[in-house]
Number of protein chains: 2
Amino acid sequence: MRPIEGVTVVVDLDEMVITGYRDRVVVPMPKAGGTDYRTMKPNTKEKLSGLRKGFIVEGHMIRWDNWAFHLAFDARAGLVISHAAVSEHGTSPHRRSVMYRGFISELFVPYMDTAEEWYYRTFFDEGEYGLGLFAFPLVPTKDCPAKAEFFDGYYAGQSGRPVKVERVFCVFERYAGDVSWRHTETGIPNRVFTEVRPEVTLVVRMVSTLGNYDYIIDWEFMHSGSIKVKVGLTGILEVKATPYTHVDQTTGDDIHGTLLAENTIGMYHDHFITYHLDLDVDGPENSFVVSKMETVRAARASLRKSYWTVVRETVKTELDARVLLGRAGPADLVVVNPNKRTAVGNQVGYRLIPEGGTGTSLLSNDDYPQIRAAYLKNEVWVTTYNASEKWVGGLYTYQSRGDDNLAVWSLRNKSIENTDIVLWYTVGFHHIPYQEDFPVMPTLSGGFELRPANFFESNPLLKMGLPCVGFVYLPNCTKET
Amino acid sequence: MRPIEGVTVVVDLDEMVITGYRDRVVVPMPKAGGTDYRTMKPNTKEKLSGLRKGFIVEGHMIRWDNWAFHLAFDARAGLVISHAAVSEHGTSPHRRSVMYRGFISELFVPYMDTAEEWYYRTFFDEGEYGLGLFAFPLVPTKDCPAKAEFFDGYYAGQSGRPVKVERVFCVFERYAGDVSWRHTETGIPNRVFTEVRPEVTLVVRMVSTLGNYDYIIDWEFMHSGSIKVKVGLTGILEVKATPYTHVDQTTGDDIHGTLLAENTIGMYHDHFITYHLDLDVDGPENSFVVSKMETVRAARASLRKSYWTVVRETVKTELDARVLLGRAGPADLVVVNPNKRTAVGNQVGYRLIPEGGTGTSLLSNDDYPQIRAAYLKNEVWVTTYNASEKWVGGLYTYQSRGDDNLAVWSLRNKSIENTDIVLWYTVGFHHIPYQEDFPVMPTLSGGFELRPANFFESNPLLKMGLPCVGFVYLPNCTKET
């Protein structure tokens, strides 16, 4: 971490002698302060998890080590996280805002058959049914681990009376055997040492069953400041009856699916889970930055012909903020606060990292379901915050003719610089069924990570004590006393 | 699961009367057999995990429930999985071949600065250093959970004597609180019931530390037949000293990285982890099938304008098998055995599902490091099996001038139909450093899933008893007696 820059030494390994030495340029050596990850002292006064329930519930607020957030239930969206804020361990008890509100805004599932009984099966599972209305009680020890805590949800029924959904959420600390950071230092002969921190996270879960499909909806909070958002698809395929009993009989006939068993076709379809992510990165005024990696030809004097560098563009308007990941070329997508900078001057930010499930809609633009779901030709959109724009497919999805959705809102093409913005991200799966999905489907997952990007001055984990893992207390872990 | 096809009923929801009924077409109703996931009886004679160590070690073979595989250590590749075979629970003790051999073939890390002290930093971390030679002992309870079992590795040292690497691998059962499948059945009023199976997997891990970076290399075996392959990046950034102490001083100067602290730049670079996946799906003769999803215009009579269908192409030759994921359009990538079909006639297969980390090289084709790593312009390649082609960047990587690598081998453009083939897949990260990565980096992960695709007749989990999770025995889980 403290390079002496500009020195090149050439060694003859046969003779073991230095045959060349060049001191091309003199650059100040970086200071030692903050470079040694080993010597960071955990703040032992801090409350670290390791209780049976590693978190604290105060009303609708959940506090867990360096995180705090509000957990709410909504008939339409189901699980809603809001006022999520995080601090760095050992520095300050002050938690800084990350996300004003995050939830799944729509779940669109179009099937790919034009037959009279099938063409209309283009379900807006949230706007037409409701992720909350179709969330059923979680099964202790199976849907969530034994030490999970469960929360009930309430919504207004058709009569106006409250309806209770028991155990609609669970919250649990997870130790999956993974590592939050590690390093083996081998530079000093015969003095190899290894530092490792096991990774303990906090998972918030809801499961919605929209008819045949079950969606396992997870928000996972990490000590590093990351939020990992994941959706697991399981449940039952929509199948169509057919006279066919063997694939060889289908030659020349598009059966719009996979023959799963005799007389049974699992139909081609998509799952598009669109998240409303109203990030407030260290405050409400944010901008959307696309850091494109672009190839540059090296100067002729160099022995390299090329390298890539970062062209950092603050996106100006809503229409310019649309990103189709496959086409866009490599880029980091970052929501920054242009008014807050780190000590060395980087804008504080959070970046979006896709982790599986990046399909967009393949329907024609003039097709009625596509007109209603016009926002599904790009994975990423950014709009200015507008209190009425919560539902990406429109407030009244059943009656939607495509005149109230994200694609329409974006046409106003407002400025999204240094203002309260909403990031919309779709996790998309094209689903060709396979026989393994019959009669019930092994979970298939996708999602994304929201990861701090110059939000902290340095790795926020370093001053954290060794986490205590569930019931298994690691030696010297930081227990609550 | 037993649709009565072709019937449409129109209901007036205000009046609650049927106003229309149409029986358009008569199709045989699928049989009941195999459709009810609830009634599947677990085979209680089967040994299911739930021991302190849920798996059996016999020499180099590891057996775990429906999986068996060979685990070996190699100075260059590090962790090598071979002879991986899987069975369906409760049907047959016969395990069918999935993968002859799988390992990381190369790990290329080019830096993006042309300065004299930096231009050559284009490390082939495996061919030039060795994932095995740079694997250090895992730390119990931190690198792997408390109940993990550890294995030593041996390689031939420079004197020819065996060198022991203690605890180079760990193997452990993981229960991360996730669900392998579930469904809530809501179709019958007042009779909502939920079936859930918790997911227990077997993880095999090695960590290699190549100088500054630590790579956490996981192979995760799942009861569903999937293998999830993941690499976690952590450790220390390569930094460069600079006179700059604030971003504002750098205006107009490409510093080839991020100012992380005063006088310290974290340099732009990539990580390309290329896997050699010699799949033998139900036998050695396999083919590579690309199932493309293509938009089709609907017939004019339909109320839909469009849908997508699958154009299934068996790729004929090595050059045609190259896939650049972002450009290729949506497709399922499947290795099939064209000689083995399911009862209804689907070719048995395994598909590759990318899960984060899909970058390819941005260097110019005429740049020397790119000539040596010419295989990094596509994520996916398929070649015929050749015993001498294990190392994607060439056998003697140090001396490579680009004349011995995967891109060159593929130029012979051999037929890859119905023969022993190797799938090569690269997990790639473009790494723009952020201040959080300093002085040690929180783990960033990517990988892929190898998932059965018509390999089994139906969901292979159904006849499996409820797994016993580590020490926490679920009620009625299937213990070994």
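The values are calculated or read from the model by the stated rules, or taken from the named source; none is laboratory data. Keep in mind that what you see is a predicted model, and the values were worked out from it rather than measured. In this analysis, Cβ positions are derived from the backbone assuming ideal geometry, glycine residues included, and neighbour counts consider all displayed protein chains. Just the protein is used for accessible areas: all its heavy atoms, side chains included, with ligands, DNA and RNA removed. Shrake-Rupley method; radii C 1.70, N 1.55, O 1.52, S 1.80 Å.
Summary of values
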read-out: Pair list, Cβ under 6 Å, 6 or more apart: the range A:57-77 residue among the β-branched types (V, I, T), other residue modelled with pLDDT under 95; value: A:I62/A:F55
read-out: Enumeration of residues in the range A:103-129 that are more than 10 Å from every other protein chain (Cβ to nearest Cβ) and of a type in the set (D, E); value: A:E106, A:D125, A:E126, A:E128
read-out: Leading residue by the ranking (surrounded by the fewest Cβ atoms within 10 Å (Cβ to Cβ)) among those in the range B:336-373 that are more than 25 Å from B:H271 (Cβ to Cβ) and either under 20 Å from the mean Cα position of the chain (by Cα) or at pLDDT below 95 (or both); value: B:N337
read-out: Residue within the range B:285-296 that is at positive phi, under 22 Å from the mean Cα position of the chain (by Cα) and without any contact (Cβ under 8 Å) to a residue 60 or more places away in the chain present; value: no
read-out: In the range B:431-443, the residues that are in contact (Cβ under 8 Å) with a residue 40 or more places away in the chain and facing chain A (nearest Cβ under 8 Å); value: B:I432, B:Y434, B:Q435, B:D437, B:F438, B:P439, B:V440, B:M441, B:P442, B:T443
read-out: Filtered residues of the range B:61-101 (kept if modelled with pLDDT under 95 and surrounded by fewer than 17 Cβ atoms within 10 Å (Cβ to Cβ)); value: B:R63, B:T91, B:S92, B:P93, B:H94
read-out: Residue match in the range A:381-388 (condition: modelled with pLDDT of 95 or more, aliphatic (A, V, I, L, M) and open to solvent by 20 Å² or more (accessible area, probe 1.4 Å)); value: yes
read-out: Residue selected from the range B:150-168 under the condition open to solvent by 50 Å² or more (accessible area, probe 1.4 Å) and either touching a Pro at 6+ places or on another chain (Cβ under 6 Å) or within 13 Å of another protein chain (Cβ to nearest Cβ) (or both), by the criterion nearest to A:R182 (Cα to Cα); value: B:R167
read-out: Single match in B:A176, B:A146 (criterion: within 8 Å of chain A (Cβ to nearest Cβ), open to solvent by 40 Å² or more (accessible area, probe 1.4 Å) and out of contact with any Phe, Trp or Tyr (no Cβ under 7 Å at 6 or more places or on another chain)); value: B:A146
read-out: Strands (runs of 3 or more DSSP E) lying entirely in the range B:115-202 (those with 2 or more residues that are among the aliphatic types (A, V, I, L, M) and without any contact (Cβ under 8 Å) to a residue 24 or more places away in the chain); value: B:162-185
read-out: Scan of the range B:210-253 for residues that are under 21 Å from B:F429 (Cα atoms) and outside any strand (DSSP E or B), ordered by number; value: B:G211, B:N212, B:I236, B:L237, B:E238
read-out: Residues of the range A:234-259 satisfying the condition of being in contact with a helix residue (DSSP H, G or I) (Cβ under 7 Å, 6 or more places away or on another chain), more than 7 Å from chain B (Cβ to nearest Cβ) and farther than 12 Å from B:P3 by Cβ; value: A:Y244
read-out: Residue that is most open to solvent (accessible area, probe 1.4 Å), among those in the range B:389-419 that are touching a Gly at 6+ places or on another chain (Cβ under 6 Å) and without any contact (Cβ under 8 Å) to a residue 40 or more places away in the chain; value: B:D404
read-out: Pair list, Cβ < 7 Å and 6+ apart or interchain, from the range A:1-19 residues that are within 7 Å of another protein chain (Cβ to nearest Cβ) to residues that are hydrophobic (A, V, I, L, M, F, W, C) and in a strand (DSSP E or B); value: A:M1/B:V239; A:P3/B:V239; A:P3/B:A241; A:E5/B:A241
read-out: Failed condition for B:R182, given (1) open to solvent by 40 Å² or more (accessible area, probe 1.4 Å); (2) basic (K, R); (3) under 23 Å from B:P460 (Cβ atoms); value: (1)
read-out: Only listed residue being open to solvent by less than 10 Å² (accessible area, probe 1.4 Å), more than 8 Å from chain A (Cβ to nearest Cβ) and at pLDDT below 95, chosen from B:V196, B:V200, B:V204, B:V231; value: B:V200
read-out: Among the candidates A:L461, A:L466, residue that is modelled with pLDDT under 95, in a loop (DSSP other than H, G, I, E, B), within 24 Å of the chain's Cα centre (by Cα) and crowded, with 20+ Cβ neighbours inside 10 Å; value: A:L461
read-out: Criterion (touching a residue at least 12 places away in the same chain (Cβ under 8 Å) and within 25 Å of A:L202 (Cβ to Cβ)) met by exactly one of B:L233, B:L210, B:L237, B:L259; value: B:L233
